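A.B. asks: This is the structure, below, for whatever I ask next.
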Amino acid sequence: MDALIQFTTSGSLVDLVDKKVLVMLRDGRKLIGVLRSYDQFANFLLESTVERLHLGHEFAEADIGVLLIRGENVVALGEIDLILEDEVPLRQISEEEMKAKLKEFERRRERDNSIKDRVMTSIGFVSDRHEGDAY
């Protein structure tokens, strides 16, 4: 048996402790922070955490601080290259401005989906646009 086979358990996370990581959650949020601890269920404790909000070529960061994330909500985890992090090809804007833009984007998307659903229903298709834990 090859001794260099990569671990696929939570034990393989030991190399990421005390490093800056990006965590993607099931609800679509992206969190950036320093991984301080984890357990056998892949629950993570992040320090200096920010939520990265983005739309188009703009982004904002919402300060969170210390955060405990349940492992069942994690979709992906990756180490951040600290050198490349300084060269983000997006323009940073304020958190309030980004939240207003995201709210308007969501309002437009809901309106467009409502129109699409009415058209599809009128020609015999069934609408299936339900958000949630249907993974």
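A.B. asks: Test of understanding: ordering GLU51, GLU95 by Cβ neighbours within 10 Å, fewest first, what list do you get?
C.D. replies: Ranked by crowding around the Cβ, least crowded first: GLU95, GLU51.
A.B. asks: Quick one: putting +1 on the C-beta of Lys and Arg, -1 on the C-beta of Asp and Glu, what dipole do you get for the chain around its Cα centre, in Debye to the nearest 20?
C.D. replies: It works out to roughly 660 debye.
A.B. asks: Quick one: if you stick a label point 7 Å off each Cα along the C-beta vector at SER37 and SER94, how many nm between them?
C.D. replies: Between SER37 and SER94, the label points sit 3.7 nm apart.
A.B. asks: First check a/c for the range 42-93, with a ≥ b ≥ c the square roots of the eigenvalues of its C-alpha gyration tensor; if it is under 1.5, answer rounded, and if not, answer prolate when a/b is larger than b/c or oblate otherwise.
C.D. replies: prolate
A.B. asks: When only C-alpha pairs under 8 Å and at least 6 residues apart count, what is the relative contact order of the chain, in percent?
C.D. replies: That works out to 19 percent.
A.B. asks: Taking the simple approach of a point 7 Å from Cα along Cα-to-Cβ for both LEU67 and ARG29, what is their distance in nm?
C.D. replies: Here the modelled spin labels are 0.5 nm apart.
A.B. asks: For Kirkwood radius over Cα pairs in Å, several values are listed as (1) 14.8; (2) 17.7; (3) 18.7; flag the one computed from this structure.
C.D. replies: Correct label is (2).
A.B. asks: Okay, moving on. What does the charge count around LEU82 come to, taking other residues whose C-beta lies under 14 Å from its C-beta (Lys +1, Arg +1, Asp -1, Glu -1)?
C.D. replies: -4
A.B. asks: Lysines near LYS30 by alpha-carbon distance under 20 Å, same-chain residues fewer than 8 away left out - which ones?
C.D. replies: Correct list for LYS30: LYS19, LYS20, LYS99, LYS101, LYS103.
Laboratory data are not the source of any read-out in this text; all were calculated from the coordinates shown. None of the values given here were measured: they were computed from a predicted structure. Cβ: placed from backbone, ideal geometry, glycine included. Neighbour counts: every protein chain shown.
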